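Here is the structure we will look at, set down as structure tokens.
Read-outs: derived from the displayed coordinates by stated rules, not from any lab. Quick caveat: nothing in here was measured; it's all calculated off a predicted structure. We place every Cβ from the backbone using ideal geometry, glycine too, and count neighbours over all the protein chains shown.
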Amino acid sequence: MAGAAAEERRLATVVAGWQGRPVLVVGDAMLDEWRFAESERLCREAPAPVLTLRRRISAAGGAANTAVNVAALGGRAALVAPVGADVAGDELHDCLDRAGVWDRTVGHPGRPTPVKRRMLAGNQILLREDSGDPEDPLDDDGVARLLTALHCATEELRAVAAGQPPTLVVCDYGLGALPSAVRAWLVANRDRYATVALDAHDLADWRGLNPTVVTPSFAEATRLLARAAAGFNGGHRSAARGATAGHLHLDHLADPADGPSELVVGAAPGGAGEREPGSPHPTSGAPAAEHGGGAAGPTGEPTPGEERVALTGDGLSVTGTGVTVNAAAGAGVDRAVLAESRLDELREHTGADVVAVTLDTEGAVVGGADGEPRRSHSTPVPASHAVGAGDAYLAAMTLALAAEASLPTAAQLAQLAATITVSDTGTCVCRREDLLDALGSGPEEAGRPTQVGAEELTAIAAEHRRAGRSIVFTNGCFDVLHPGHVRYLTQARALGDLLVVAVNSDGSVRRLKGPDRPVNPVEDRAALLAALECVDHVVVFEEDSPAKLIEAVRPDVYVKGGDYPPEMVPEAPLVRRLGGQVRTLGYVPDRSTSAIIDRIRSHPAVPPVNEGRPA
């Protein structure tokens with residue numbers, strides 16, 4: 001239990017570290033509209049329910065929802081995207097304003113704002129109506145204004161970050177917000193951004209960007225591998241038809257704005273992996289005709305039997321969600337295992353440091369340069385609860401990596417952010433407070449000082465350092481806490497971003513002060529120090545010197561109390577060798593533990609009230 005609490009505090013430290021981090025989001029912004037209705041009867045004209053509208057809500061969608069999630073998680077988000085001069089555009093602006101997103105969108109009067117309208121009854125989605133033509137391109141003037149907005153927003157975010165490069169998130173859902181000229185500008189200006197995250201339906205369009213992280217769905221990752229096998233020639237169909245035996249035959253049919261793409265997957269030309277008409281389906285055992293028929297394979301959304309990828313001897317088996325060319329993996333390999341086996345290839349084809357293949361209700365598979373795949377899991381929920389969960393995942397992953405968190409930590413926080421947003425119907429937004437609550441560190445507890453062990457402190461210090469925070473370190477017995485201690489610790493805390501106080505154990509105090517000390521046990525001394533607002537972390541050490549802790553924590557500033565110069569501090573050479581500085585702070589006159597104890601001992605014991613009196 002203690003280990004779990006320590007892990008939660010470590011993750012909460014990362015969340016605190018990304019507070020205010022500047023993030024530019026660019027891409028396809030849309031409006032999500034939810035209409036909640038009731039139905040008590042069928043209409044006479046057809047066997048269809050008669051709906052009575054009870055409630056309507058609007059929310060930011062697509063790139064706009066990613067920006068909203070960045071802001072809700074504590075980052076400083078700016079959105080650059082084309083938005084129509086229409087009612088939906090006005091509502092989208094209102095959504096961004098309410099979320100605290102810097103609205104740097106560019107108005108396009110002749111181009112409607114994309115909208116997804118969902119009609120629900122009893123929290124069940126009955127239908128969805130999409131408006132906004134993705135084939136309507138930006139004109140030359142619109143592209144020029146979008147490039148100007150990108151440049152200005154980048155410099156604006158750099159200014160608020162004291163000249164440090166901002167983070168970039170690209171959300172390309174195929175709705176036309178990122179034409180070739182904009183993609184070329186982003187690739188050419190890659191060095192203006194520290195961390196770059198890419199979420200694109202067609203990753204092949206972004207070759208040369210070299211992002212920090214890409215977050216494809218399983219279908220998007222499959223399509224990229226298929227196009228890579230075919231040499232990225234032409235469109236999807238030409239690439240498929242030009243493939244040789246042993247390559248994948250994959251046609252893209254779905255609306256790219258509709259989340260994970262629908263695929264038609266079949267054998268490569270030459271008949272490898274084909275099923276004869278009427279032959280058993282590789283996963284369900286049903287005749288092939290029941291799954292779309294013939295060698296073309298299944299189409300559209302996968303059936304329950306196609307949730308897993310079945311392999312044939314030549315490694316060219318098909319399902320509605322993907323393919324594999326790894327025949328050695330064995331039969332019955334699921335999507336997570338398949339994704340793990342292709343992470344290195346995906347990193348190579350995208351140029352990304354990190355690839356996170358999202359598996360909707362099955363979580364995600366994440367891989368980095370170390371070649372070690374990480375698997376995260378999610379809880380299955382109704383589809384109406386998961387709209388926008390990928391945006392929360394992308395926002396948290398980006399912020400964590402921008403704050404220099406380790407890859408396992410970033411993956412864990414991203415999955416948690418996505419998971420805790422799916423508790424109800426609507427477009428998912430993860431708030432910083434909700435994430436901290438899930439970590440057991442709500443806003444009222446996130447900044448409280450905590451008593452930690454030496455190993456835990458080492459990990460916490462590393463996370464603070466990666467977040468760019470300066471660490472102040474001091475140590476002492478603190479036997480009887482008095483105003484001199486409080487003033488000294490307050491001054492020490494002002495020298496950096498957080499203060500670590502190391503407390504001598506009871507045995508250490510006895511060796512240093514004599515057999516009659518300490519007056520108060522170490523449990524009480526540590527608890528009182530932890531209660532001070534100026535103290536961030538308290539740790540107990542057994543040795544007479546804090547040298548081991550100093551080597552582990554590597555403080556930026558080491559503080560001791562006294563009127564002597566820093567050169568006389570025994571730990572000074574070690575601290576300076578580790579790159580820190582040493583400061584000494586004077587004590588408050590007549591305020592010392594020894595003086596207080598001497599005064600207490602100099603007073604005779606006061607006899608009980610009735611002592612020496614007749615009963």
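Placing +1 on the Cβ of every Lys and Arg and -1 on the Cβ of every Asp and Glu, with nothing else charged, gives segment 334-455 a dipole about its Cα centre of roughly 120 debye. Scanning residues 5 or more positions from Thr450 or on other chains, those with amide H under 5 Å from its amide H are His537, Val538, with H placed 1.01 Å from N in the peptide plane.
Multiplying the residue separation of His151 and Arg56 by 0.36 nm and subtracting their alpha-carbon distance yields 30.5 nm. The amide H of Gly561, built 1.01 Å from its N in the peptide plane, has Leu585 as neighbours under 5 Å, considering only residues 5 or more places off or on other chains. In this structure the amide hydrogen of Gly74, modeled in the peptide plane, comes within under 5 Å of the amide hydrogens of Arg432, none closer than 5 places in sequence on its chain. A full extension of the chain between Ala547 and His377 corresponds to an added length of 57.1 nm, given 0.36 nm per residue minus the alpha carbon distance.
Taking the DSSP beta bridges with both ends in segment 33-133, the antiparallel portion is around 60 percent. Roughly speaking, what is the centre-to-centre gap between segment 90-156 and segment 530-549 when only Cα atoms are used, to the nearest Å? Between the Cα centre of segment 90-156 and that of segment 530-549, the gap is 52 Å. Rounded to whole Å, the principal axis extents of the Cα atoms in segment 128-233 read 43, 30, 30, largest first.
Please express the shape of segment 73-178 as an equivalent ellipsoid: the semi-axes are the square roots of 5 times the eigenvalues of the C-alpha gyration tensor, given largest first in whole angstrom.
On the way: eigenvalues 152, 73, 27 Å².
Whole-Å semi-axes of the equivalent ellipsoid: 28, 19, 12.
The label-point distance for Arg576 and Ala181, in a model that sets each label 7 Å from Cα toward Cβ, rounds to 6.0 nm. Note on segment 489-549: along the principal axes its Cα atoms extend 36, 23, 16 Å, ordered by decreasing extent. Straight-distance candidates among the lysines for linking to Lys548, with alpha-carbon spacing under 18 Å and chain neighbours fewer than 8 residues away dropped: Lys560. Distance distribution P(r), segment 3-109, all Cα-Cα pairs, bin width 5 angstrom from 0: 2, 12, 17, 15, 11, 10, 10, 9, 7, 4, 2, 1, 0 percent. Rounded to the nearest 20 debye, the dipole size of segment 11-124 about its Cα centre is 200 debye, using +1 on the Cβ of Lys and Arg and -1 on the Cβ of Asp and Glu.
Give me the net charge for the shell around Leu168: Cβ to Cβ below 9 angstrom, other residues only, Lys and Arg +1, Asp and Glu -1. The answer is +2.
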